[in-house]
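> First, the structure itself, so that you have it in front of you.
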Amino acid sequence: MSRLARVVLIFSAVIAVLALSPARADVGTFPAGFRTDEIKVGDVVIHVRVGGKGPAVVMLHGFGDTGDMWAPLAAALANDHTIVVPDLRGMGLSSHPQGGYDKKTQAADIAAVLDKLGIHKADLVTHDIGNMVGYAFAAQFPERVARWVAMDAPLPGIGDWDKIIQSPLLWHFNFRGPDVERLVSGRERIYLDRFWDELSANPKAIAEATRAHYAALYAKPGAMHSAFEQFAAFARDAIDNKAFAANGKLTTPVLAIGAEKSFGTSMADDLRFVAVDVTGKVIENSGHWLMEEQPAATVAATAAFLRSAPKVGERRRQLTPTEIADIPHSGAGAGTSGVGGIRTTVLLGDPTKPGIYTIALSIAANTVILAHTHRDDRVATVVSGTWYFGYGTRHDPAALKALPAGSFYTEPAGEPHFAETKAEPVMVYITGHGPTDTSYVEAAPESR
């Protein structure tokens, strides 16, 4: 990534954070270029917002919100992350099936959504009930979670759960019975206002536009039934979570964000029962509704964690050919020749950022790549096919060396080189130290 590009990225993130305020009226407005999908998963249709580019981040909401709560965070991350924001089963604009509200089932919903989007691995950002779905996802599919940011809610059955649910503020956990839906019908705003007022540090921080927006969504047919079912499933969730924890703690790096006027430091304490690598963070002057009360501080903490350098062990990857085939690919990307017919899959790291990366290049038959350079030192292995590769400032067929599968070569920083395929396609793995780039030293191909 060039210095100018880095400046633009940083400036965009700063603007996104500075634009946040507790009184924002544009709740649920995602950046331009985002799309919405309705993805059928078994007995439910999940409403999903998708946008941005780069490593994937999945954001899961909780009760009193929908995926719309994550719009400010999506805006701050979309320049360098692919953002996936579903409405959970039975909430927001997703459909309202009668059952399936245990968090183990909902984690499977998220896994199926990612499968249909072609995403194998992602960061998780979760809040409230989203934490519970996030833990069930990470416990069942640990290889699919890179990092996890969990915000201000406990996990059923874990740690001090039995003591926590005795709090008068959590009366709604057991608000059930044959008449609850009838009691709340037509009074959804009154019901939700109680949580926004009692669980916030400053009720005025929950803007009228925000309250009206979510109250209308929870007033939709079936919405409150589904919300009550989310809480009714806690007993089942506690059993599932204890079984997950008995199988061992998560090794995924976790940022546990607690609100100063809510779970505070106990958020990290709770997650240490299920994860070995937990960093705690307390957001000051906030109650439970972090994204509404202190959006700038919450976004800044989350973005800093997701963009931080990997720790030892985070670069470990063990991928079979089938798993590699499942990774989303693109056309010619950073560090490639830019020629049409080349498909790029990022296996490790990010070639646009500082640090080690590995990319897999799938090059179509009869492709010619003219002389070019890269800014970083790179090493490469031919995985399949025969690759014809040479050094020099112009493409010279006489200087090409045939490199069959299993061959190794280097691309020294600033050293011009060229290549081509003949009658068969070729797969090459290239490892370098980003950020990388491509500069042609002879006329670039027309397809660039």
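> Within the stretch 172-198, restricting attention to residues that are under 21 Å from residue 264 (Cβ atoms) and among the hydrophobic types (A, V, I, L, M, F, W, C), which residue is surrounded by the most Cβ atoms within 10 Å (Cβ to Cβ)?
196
> List the residue pairs whose Cβ atoms are under 6 Å apart, where the first residue sits in the stretch 112-141 and is more than 21 Å from residue 92 (Cα to Cα), the second is of a type in the set (Lys, Arg), and the two are 6 or more positions apart or on different chains.
121/144; 123/147
> How many of the residues making up the stretch 24-74 are farther than 25 Å from residue 225 by Cβ, over 13 Å from the mean Cα position of the chain (by Cα) and not in a strand (DSSP E or B)?
11
> Test residue 125 against the criterion of being under 17 Å from residue 70 (Cβ atoms), assigned by TED's automatic domain parsing to the domain that holds residue 279 and in contact with a Lys or Arg (Cβ under 6 Å, 6 or more places away or on another chain), and give yes or no. If you could, list the steps in order and put the result at the bottom.
Working: under 17 Å from residue 70 (Cβ atoms): yes; assigned by TED's automatic domain parsing to the domain that holds residue 279: yes; in contact with a Lys or Arg (Cβ under 6 Å, 6 or more places away or on another chain): no.
Spelling it out, it is not the case that residue 125 is under 17 Å from residue 70 (Cβ atoms), assigned by TED's automatic domain parsing to the domain that holds residue 279 and in contact with a Lys or Arg (Cβ under 6 Å, 6 or more places away or on another chain).
> Pick out the one residue from 371, 360 that is in contact (Cβ under 8 Å) with a residue 60 or more places away in the chain, closer than 23 Å to residue 437 by Cβ, in contact with a helix residue (DSSP H, G or I) (Cβ under 7 Å, 6 or more places away or on another chain) and aliphatic (A, V, I, L, M).
Details: 371 fails: in contact with a helix residue (DSSP H, G or I) (Cβ under 7 Å, 6 or more places away or on another chain).
The match here is 360.
> Pull out all pairs, ordered by first then second residue, where Cβ-Cβ is under 9 Å, the residues are six or more apart or on different chains, the first lies in the stretch 95-106 and is assigned by TED's automatic domain parsing to the domain that holds residue 142 and free of Cβ contacts under 8 Å to residues at least 24 places away in the same chain, and the second is in a loop (DSSP other than H, G, I, E, B) and basic (Lys, Arg).
105/89
> Continuing with this model, one more query. For the subset of the stretch 90-117 comprising residues that are within 20 Å of the chain's Cα centre (by Cα) and of a type in the set (Ser, Thr, Tyr), which member is farthest from residue 240 (Cα to Cα)?
Looking at residues that are within 20 Å of the chain's Cα centre (by Cα) and of a type in the set (Ser, Thr, Tyr), I get 94.
> Look at the stretch 129-150 and say how many of its residues are closer than 19 Å to residue 303 by Cβ, of a type in the set (Val, Ile, Thr) and surrounded by 24 or more Cβ atoms within 10 Å (Cβ to Cβ).
Residues in the stretch 129-150 being closer than 19 Å to residue 303 by Cβ, of a type in the set (Val, Ile, Thr) and surrounded by 24 or more Cβ atoms within 10 Å (Cβ to Cβ): 1 in total.
> Same structure, new question: Would you kindly identify the strands (runs of 3 or more DSSP E) lying entirely within the stretch 374-448 that contain at least 3 residues that are free of Cβ contacts under 8 Å to residues at least 24 places away in the same chain?
Numbers: elements: 378-384, 387-391, 401-403, 408-411, 417-420, 426-434.
In the stretch 374-448, the matching strands (runs of 3 or more DSSP E) lie at 401-403.
> Only one of 244, 228 is at pLDDT 95 or above, in the same structural domain as residue 285 (by TED's automatic domain parsing), aromatic (Phe, Trp, Tyr) and in contact with a helix residue (DSSP H, G or I) (Cβ under 9 Å, 6 or more places away or on another chain). Can you tell me which?
The unique qualifying residue is 244.
> Tell me which of these residue 142 doesn't satisfy, since it passes every other one: (1) at pLDDT 95 or above; (2) under 23 Å from residue 254 (Cα atoms).
For residue 142, the exception is condition (1).
> On the basis of being free of Cβ contacts under 8 Å to residues at least 24 places away in the same chain and in the same structural domain as residue 151 (by TED's automatic domain parsing), does residue 275 make the cut?
Details: free of Cβ contacts under 8 Å to residues at least 24 places away in the same chain: no; in the same structural domain as residue 151 (by TED's automatic domain parsing): yes.
So residue 275 fails the test.
> If you go through the stretch 201-232, how many residues are surrounded by 22 or more Cβ atoms within 10 Å (Cβ to Cβ) and not in a helix (DSSP H, G or I)?
Number satisfying all stated conditions: 1.
Okay, residues lined up against (1) in contact (Cβ under 8 Å) with a residue 40 or more places away in the chain; (2) more than 28 Å from the chain's Cα centre (by Cα); (3) under 30 Å from residue 300 (Cα atoms):
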| position | (1), (2), (3) |
| --- | --- |
| 206 | yes, no, yes |
| 209 | yes, no, yes |
| 219 | no, yes, no |
| 238 | yes, no, no |
| 255 | yes, no, yes |
| 260 | yes, no, yes |
| 264 | no, no, yes |
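> Considering only residues of the stretch 258-312 that are outside any helix (DSSP H, G or I) and among the charged types (D, E, K, R), which is farthest from residue 64 (Cα to Cα)?
Residues of the stretch 258-312 that are outside any helix (DSSP H, G or I), as a first pass: 258-265, 272-289, 294, 308-312.
From what's left, among the charged types (D, E, K, R): 260-261, 272, 277, 281, 284, 311.
On the way: 260: 19, 261: 18, 272: 26, 277: 29, 281: 23, 284: 21, 311: 35 Å.
My answer is 311.
> Moving on to the next point. Applying the selection to the stretch 169-226, what residues are polar (S, T, N, Q) and within 25 Å of residue 258 (Cα to Cα)?
Narrowing the stretch 169-226 to residues polar (S, T, N, Q): 174, 185, 200, 202, 210, 226.
The answer is 174, 200, 202, 210.
The values are calculated or read from the model by the stated rules, or taken from the named source; none is laboratory data. If you're wondering where the values come from, they're calculated on a predicted model, not measured in any experiment. We place every Cβ from the backbone using ideal geometry, glycine too, and count neighbours over all the protein chains shown.
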